[in-house]
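A.B. asks: Let me begin by handing over the structure; questions about it come next.
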Amino acid sequence: MARRLPRRFYARPAVDLAPDLLGKFLVAERRGRRVAGRIVEVEAYVGPEDLASHAARGLTPRTRVMFGPPGHAYVYLIYGRSFLFNVVCARRGFPAAVLVRALEPAEGVRRTTDGPGKLTAALGITLADNARDLVDGPLWIEERAPAAAVAVATTPRINVDYAGDWAAEPLRFVDAGSHWLSRRLPDAPRRRGPRHPPLAAG
DNA sequence: TGCACGATGAAC
DNA sequence: TTCATCGTGCAC
């Protein structure tokens, strides 16, 4: 049983939405082919006062979608090579979003998904998906039952050292039991072998 | 019009 | 640890 998340699910602060996205499934369907993964790592970008957020510089052509209604995709190009996927949340006029940083492969996944740029490549998410409505369209987030328990852990966000005091805020949320995180947790034991199982063939 | 700089990933 | 690579925002 799967239920696409409704608009009201996204209509709340990023710090509230972020941990609730863990365990949900990000799904992309295009040309009849479905690719999906279970969300295991996210980061909250809480508002215009958050110096790590693109919205800290106000409304620009790029950040316009962050100022729009919740439940839409904010996709942008970083370092000239990777697309990053965010979920716009809160309310119209207040820029907030949650960055999805890692997935556990579910269906149709042919590439690794343990990083924000990797998961968009695996799901075929590009700039063409920017501003897309997640409530009604070919890209969405759904809840599946029965849902496995999520052991939520927090850490500072990745690669936001430029953000002053905001860099240390515990706004990265992960499923501590997942082998598909973009980085190991600080106190995770060192293990031999691959961090995650190989992708299934197909 | 020019330029510094990334919410990264892969190689070394 | 280094670096490819290019859109964005801002300085000039």
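No value in this document is a laboratory result; all are computed from the given coordinates. For clarity, every value in this text was computed on a predicted model and none was experimentally measured. FYI the Cβ positions are ideal-geometry reconstructions off the backbone, even for glycines, and counts take in every protein chain you see.
A.B. asks: I need the phi-derived Karplus couplings for the range A:101-113: 6.51 cos²θ - 1.76 cosθ + 1.60, θ = phi - 60°, integer Hz, Gly and Pro marked x.
C.D. replies: Result, ordered by residue: 10, 6, 10, 8, x, 10, 10, x, 7, 10, 9, 5, 10 Hz.
A.B. asks: May I ask you to evaluate 6.51 cos²θ - 1.76 cosθ + 1.60, the Karplus curve with θ = phi - 60°, for each residue of the range A:167-184 and list the ³J(HN,Hα) values in order in whole Hz, giving x for glycine and proline?
C.D. replies: 5, 8, 4, x, 10, 9, 10, 10, 7, 4, x, 7, 9, 10, 5, 5, 8, 5
A.B. asks: Quick query: amide H of A:A102 versus all other amide H atoms, modeled in the peptide plane; which residues come in under 5 Å with a sequence gap of 5 or more or a different chain?
C.D. replies: Answer set, sorted by chain and number: A:V40, A:E41.
A.B. asks: Sort A:95-107, A:163-175 for me by packing, meaning the mean count of neighbouring Cβ atoms within 10 Å per residue, highest on top. Intermediate results must be reported in sequence, preceding the final value.
C.D. replies: Values: A:95-107: 23.8, A:163-175: 18.1.
Most protected by this proxy first, the peptides run A:95-107, A:163-175.
A.B. asks: Hey, another quick one. Search the structure for amide H atoms under 5 Å from the amide H of A:H72, placed 1.01 Å from N in the peptide plane, and list their residues when 5 or more places away or on another chain.
C.D. replies: Those lying under 5 Å, H to H, from A:H72 are A:V88, A:L134.
A.B. asks: Tally Lys/Arg at +1 and Asp/Glu at -1 over every other residue whose Cβ is under 9 Å from the Cβ of A:E142; what's the total? Display every interim value, and only then the final one.
C.D. replies: Details: positive: A:R3, A:R4, A:K24, A:R144; negative: A:E143.
Counting the neighbours of A:E142, the net charge comes to +3.
A.B. asks: Contour minus end-to-end for A:E142 and A:E107, with contour as 0.36 nm per residue of separation and end-to-end as the Cα-Cα distance? Display every interim value, and only then the final one.
C.D. replies: Details: separation 35, 0.36 × 35 = 12.60 nm, distance 1.34 nm.
Net length gain for the segment: 11.3 nm.
A.B. asks: Still on this structure, please answer the following. Distance between the C-alpha centers of the range A:4-33 and the range A:55-76? Whole Å please.
C.D. replies: Here the two parts' Cα centres lie 17 Å apart.
A.B. asks: Could you give the alpha-carbon Rg of chain A over 2.2 N^0.38 Å, rounded to two decimals?
C.D. replies: 0.96
A.B. asks: Taking neighbour counts of Cβ atoms within 10 Å as a proxy for exposure, in what order, fewest first, do A:Y45, A:Y162 appear? List each step's numbers first, then the result.
C.D. replies: Details: A:Y45 26, A:Y162 9.
In increasing order of surrounding Cβ atoms, one gets A:Y162, A:Y45.
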